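Below you'll find the structure, written out as structure tokens, and then a few comments.
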Amino acid sequence: MTKPKPKPTLPLPFLASDLLAQAQAQAQAKRSSSSSDNTLKTSFKCIDAPLGDTAVLKYGCITNIQCDVGGYGTLLAHHLITTHLLQLLDSSKESGSNGSSQVAYVDTTGAFSALNLLKVLEFRLLQLQQQEKKVAAATQDTDIRRQAVELLDRVQYMRTFDYDGVVETVGEVFGYDIHTIRDGDTGTGVIPPAAVAEIAAVKEEAEPAVSPAESEGEEQGEEQGEEQEEEQEGERRIIPDSDADSDDEIFWPLPLLPKHDPGLTSKKKRRRTTTITNNVAEETLIIEERQVEEKEAPVPPPDQNQNQDASLERTGRDFGVIVFDNISRPLESLLEKNDVEANSSLTLLSRSLRSLARDRGVAILLLSTPTLFPPTTKDQKREMYIKNHSVFARIQPTDGLPRTLSWCLDYSIMVSRYPQNSNDISTAHRRRSGGKDKFIIEVVADRYGGGVGRWGGFAVKGDIEFVELFKEEKNLLT
């Protein structure tokens with residue numbers, strides 16, 4: 001007897017929430033596996049370790065760092081730029097080729113200092129060489145200085161003053177060419193001959209045709225009329241000399257001004273139309289002769305170098321990191337003028353930044369400051385700005401970027417001062433830290449989830465280095 005075939009087991013139904021959780025887990029595992037190649041960190045454990053996989057900046061993502069303390073957000077940006085440049089230096093050594101990725105630094109405040117960035121580069125290069133211990137102390141300083149200057153050359157500084165300047169820098173990174181758009185994608189700045197012929201044909205149709213005999217007769221008649229007008233009395237021909245020694249040099253009585261001739265303007269218009277038609281006919285003949293010569297003449301091969309230069313201009317420069325310092329100022333002035341037009345403009349900007357990050361894998365960093373509270377109660381109720389809430393109750397919520405830009409942000413990080421309970425605690429922790437100010441860095445928004453609420457504490461040493469808070473000071477917060 002043959003055994004009956006077992007019935008196939010039907011798959012159990014799944015809930016949509018289970019499928020969504022499974023997809024999020026797979027995406028999280030994929031991001032964590034490739035996090036080492038996709039992230040930019042500051043190389044300081046007091047900042048990188050608490051944030052974990054969230055990191056401060058990632059390629060293909062947009063990160064906003066809101067810092068209410070002037071200068072420290074810029075210092076974070078300098079260390080992230082240095083990490084990107086050092087990764088390029090390592091990859092160029094391994095492959096034996098010079099990396100071409102650059103950094104675009106868009107400055108709206110005018111406070112950018114190339115010397116500070118150079119100091120950060122030298123500090124990080126010195127750290128690497130001390131870890132490797134392969135370079136002698138005598139040649140250490142000169143090599144570090146030379147490498148730091150070479151890396152600094154990769155930073156393209158762009159000074160802007162308003163929102164229009166920010167939009168122009170984004171277009172420059174994309175590789176927009178104004179001449180190609182204006183001239184019909186010819187890139188030469190010259191109108192093609194076919195367009196000239198069409199313009200001439202339109203002019204001929206719009207203007208009345210005049211025969212050569214009639215035009216010659218009219219020109220002769222106009223010349224005779226002009227000669228007769230010159231002989232008419234009442235026309236002033238000599239300008240009196242005010243510096244004359246005697247009145248004999250002045251012709252008395254002074255002649256009258258010429259009378260108004262209503263037919264003179266019509267004659268001038270008629271002569272202008274005849275000259276235009278003659279010139280148009282000559283231009284069309286010249287264009288036809290040129291077209292015949294171009295057809296007969298052999299076409300030279302295109303220059304490969306020119307084609308490569310044009311393609312580079314179209315695709316734009318090779319930027320790996322773009323920093324906007326500070327993005328809050330131009331956006332505030334834009335919203336004060338007209339919030340409706342401002343939101344439409346910000347929508348286009350957010351789409352451009354989103355496309356730039358996803359399509360080209362550029363890491364975009366927005367440095368911002370807490371915005372001023374709207375002056376009127378009507379604007380306060382509209383909630384035009386993002387409200388950033390800290391995990392600590394003693395850190396008050398602050399207004400961040402406009403809500404229109406919140407859709408393009410992947411991560412939002414807030415840096416605030418160390419919260420203080422009482423004067424005794426604040427005096428104690430300042431005495432233990434040598435008078436240094438303490439700061440808290442925390443993740444307040446994460447598009448992919450899992451990073452909100454992570455925080456860490458740090459202090460700034462020598463305006464270059466980040467150091468960790470003491471353990472007993474951390475316990476005071478919890």
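The values are calculated or read from the model by the stated rules, or taken from the named source; none is laboratory data. Because the structure is predicted, anything quoted here is derived from the model rather than measured. Ideal geometry is used to build each Cβ from the backbone, glycine not excepted, and the neighbour counts take in all protein chains shown.
Among the residues of segment 320-371, those that are over 25 Å from LYS58 (Cβ atoms) and basic (Lys, Arg) comprise ARG329, LYS337. Consider segment 25-74 and keep the residues that are more than 18 Å from VAL415 (Cα to Cα) and assigned to a loop (DSSP other than H, G, I, E, B). The one that is modelled with the lowest pLDDT is SER34. Among the residues of segment 447-466, write down those that are within 17 Å of LYS45 (Cα to Cα) and of a type in the set (A, V, I, L, M, F, W, C). Those that are within 17 Å of LYS45 (Cα to Cα) and of a type in the set (A, V, I, L, M, F, W, C): TRP455, PHE458, ALA459, VAL460, ILE464, PHE466. When we screen LEU121, LEU88 for residues that are at pLDDT below 85, in the same structural domain as GLU150 (by TED's automatic domain parsing), touching a Ser or Thr at 6+ places or on another chain (Cβ under 6 Å) and in a helix (DSSP H, G or I), the only hit is LEU88. Looking at VAL166, VAL155, VAL149, just one residue is modelled with pLDDT of 85 or more, under 30 Å from ASP339 (Cβ atoms) and in contact with a Leu (Cβ under 9 Å, 6 or more places away or on another chain), and that residue is VAL166. A search for C-beta distances below 6 Å between a residue of segment 152-173 that is in a strand (DSSP E or B) and any residue that is modelled with pLDDT under 90, counting only pairs 6+ apart in sequence or on different chains, returns GLN156/GLN102; MET158/THR169. For THR83, are the conditions met, namely being under 28 Å from ASN388 (Cβ atoms) and at pLDDT 85 or above? For THR83, the condition - under 28 Å from ASN388 (Cβ atoms) and at pLDDT 85 or above - is met. Restricting attention to segment 428-467, which residues are part of a strand (DSSP E or B) and either modelled with pLDDT under 85 or among the basic types (Lys, Arg) (or both)? If the condition is that a residue be part of a strand (DSSP E or B) and either modelled with pLDDT under 85 or among the basic types (Lys, Arg) (or both), then LYS438, LYS461 are the ones that fit. Comparison of LEU372, LEU285 shows that the only residue that is modelled with pLDDT under 85 and assigned to a loop (DSSP other than H, G, I, E, B) is LEU372.
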